Amino acid sequence: MVKAGSRASIVGTGKFLPEKVLTNFDLEKMVDTSDEWIRSRTGISERRIADAHMASSDLAYPAAQEALREANLSPDDLDLIIVASATPDMPFPSTACHLQANLGARRAGAFDLSAACTGFIYALASAAGFIASGTVKTVLVVGSECLSRFVDWTDRNTCVLFGDGAGAAVLQPSHGRREILHTFLAADGTGKDLICIPAGGSRLPPTAETLAQGQHTMKLRGREVFKFAVTAFQTLIRDALQECGLREQDVALVVPHQVNTRIIDAALKDIHIPMDKVFVNIDRYGNTSAASIPIALHEAVQQGRLKEGDVILLVAFGGGLTWGSVVLRW
Ligand code: ACO
């Protein structure tokens, strides 16, 4: 039994990116686009694509193993596994159950969480809540996406944006370091059609017609999402800092959802956090949805960009619409 009311700490992080690289120059051969257009409009140079036999749980597995290794824990220590994914292995059982089996985490409960690109933030907040309730001690949180399976590779408006990958974090009751100080979650379901995969669920089950219409691939109203994302990003940062009694200059690093460098630049124009305090790796991986923040967080750890006591802000927005933030003291 764990003491109720504990804050949660991140005790390990990990990531996995498939080996296959798809560059903008490769895409030039597939659709009417150019490296120049993609880089200047999105900041993306290349993205990773999972092998045909791999699903989201297969990407999650090595990321989870790395996070457990870093935390000096074994799968047997896990009480709960939460996987955030918009691209689960199958409608059910959950990707988290697939991962639980692969890890051999026999004691762990397991469930998936669907909040699109905000999924990892929702999952971190949920894990922190479970820990605070005193019902569990060790939680594995994973963001894992195989978006390449749901992209229309003939649609230049969307296929250049996304990539595959996974990131993970292990959480335990806080010992005073790498601690979650604050979480915030929000949604506006009236924006549900702005980013979606219309078919494949109970509303539009797969038929020859839905397949022929391309309803199983990502639909995106990019310009509208762009405007929403800039405002959401700014509001998330301002509100999170206010809630924690912190100022913009107190922030050591912002780890935003890697959606588009123009969105990040536009949002930060009115916020006094310089770009060298913002972690960006979208150039190498594209938008990996729920995986983007844990991959970026792990890379920030690996690069030594987080020092003891640093205030770290994680902010995300995505399909749903959903948005949310987590404030950490490292
Ligand atoms: N290559 C060349 N031209 C292109 C491409 C491409 N890959 N894609 C679109 N264009 C064209 C369009 O057809 C359009 O041509 P037109 O003027 O002749 O009609 C022109 O470029 C401009 O299109 P816009 O959509 O206005 O381009 P914009 O500057 O808005 O950039 C983008 C598009 C990158 C999608 C941008 O709107 C964006 O980043 N939006 C938000 C990001 C987003 O939605 N990400 C996904 C979120 S979902 C999630 O995170 C799970």
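How large is Rg over Rh for the stretch 181-329, taking Rg from the Cα atoms and Rh as the Kirkwood inverse mean of 1/r across Cα pairs? Don't jump to the answer; show the numbers that get you there.
Working: Rg = 17.1 Å, Rh = 16.5 Å.
Ratio value, two decimals: 1.03.
With all protein chains present and a 1.4 Å probe, how do Arg39, Arg178 order by accessible area, largest first?
Values: Arg39 115, Arg178 55 Å².
Result, largest first: Arg39, Arg178.
Within 13 Å, Cβ to Cβ, of Ala50, how many net charges do the neighbouring residues add up to if Lys/Arg are +1 and Asp/Glu are -1?
-2
Per DSSP helix of 4 or more residues, -39500 (n - 2.57); summed, then divided by the residues of the chain. What does that give at 222 nm, rounded to the nearest 500?
When only DSSP H runs of four or more count, the value is -9500 deg cm²/dmol.
Counting only residues 5 or more places away or on other chains, whose amide H sits under 5 Å from the amide H of Ile197 once H atoms are built in the peptide plane?
Long-range HN contacts for Ile197: Lys219.
Just the number, please: carbon plus sulfur as a percent of the accessible area of the stretch 177-233, 1.4 Å probe, no ligands or DNA/RNA counted.
Ligands and nucleic acids excluded, carbon and sulfur give 56 percent.
So for the chain, if I pair up every lysine 8 or more residues apart or on another chain, how many of those pairs have alpha-carbons under 26 Å apart?
16
May I ask for the distance between the Cα centers of the stretch 294-321 and the stretch 174-247, given as a whole number of Å?
17
Using a 1.4 angstrom probe on heavy atoms only, work out the carbon and sulfur share of the accessible area of the stretch 8-176 in %.
Percent of accessible area from carbon and sulfur atoms in the stretch 8-176: 52.
Please compute the net charge surrounding Phe25, taking Lys and Arg as +1 and Asp and Glu as -1 over other residues with Cβ under 12 Å from its Cβ.
-3
Springs between alpha-carbon atoms under 10 Å, Gaussian network over the chain: tell me which of Thr231, Thr138, Thr118 tops the mean-square fluctuations.
Per the Cα network of the chain with a 10 Å cutoff, Thr231 tops the list.
Students often check this: by mean Cβ neighbours within 10 Å, which of 40-46, 201-207, 315-321, 124-130 ranks highest, and how do the rest follow?
For the peptides 40-46, 201-207, 315-321, 124-130, the packing ranking is 315-321, 124-130, 40-46, 201-207.
If Leu73, Leu211 are ordered by their accessible area, calculated over protein heavy atoms with a 1.4 Å probe, which sequence runs from highest to lowest? Don't jump to the answer; show the numbers that get you there.
Working: Leu73 40, Leu211 120 Å².
Listed by decreasing accessible area, they come as Leu211, Leu73.
By average Cβ neighbour count within 10 Å, what is the ranking of 76-89, 187-200, 282-295 from highest down?
Result, highest mean Cβ count within 10 Å first: 282-295, 76-89, 187-200.
Which residues' amide hydrogens lie under 5 Å from the amide hydrogen of Asn287, considering only partners 5 or more residues apart or on another chain, with H built in the peptide plane?
Phe162, Gly163
Pop out the ³J(HN,Hα) list for the stretch 131-140 in order, Karplus 6.51 cos²θ - 1.76 cosθ + 1.60 with θ = phi - 60°, rounded to Hz; leave Gly and Pro as x.
Running phi through 6.51 cos²θ - 1.76 cosθ + 1.60 with θ = phi - 60° gives 5, 5, 6, x, 8, 9, 10, 10, 10, 9 Hz.
Can you give the accessible area per residue of the chain, in Å², using a 1.4 Å probe?
Ligands and nucleic acids excluded, the result is 43 Å² per residue.
Cβ under 15 Å from Ile271's Cβ, Ile271 left aside: what net charge do those residues give with Lys, Arg +1 and Asp, Glu -1? Working shown, then result.
Working: positive: Arg238, Arg247, Lys269, Lys277; negative: Asp239, Glu248, Asp250, Asp265, Asp270, Asp276.
Its environment carries a net charge of -2.
The values are calculated or read from the model by the stated rules, or taken from the named source; none is laboratory data. The structure displayed is predicted, hence computed values, not measured ones. We place every Cβ from the backbone using ideal geometry, glycine too, and count neighbours over all the protein chains shown. All accessible areas refer to the heavy atoms of the entire protein, side chains included, with ligands and DNA or RNA removed. Shrake-Rupley method; radii C 1.70, N 1.55, O 1.52, S 1.80 Å.
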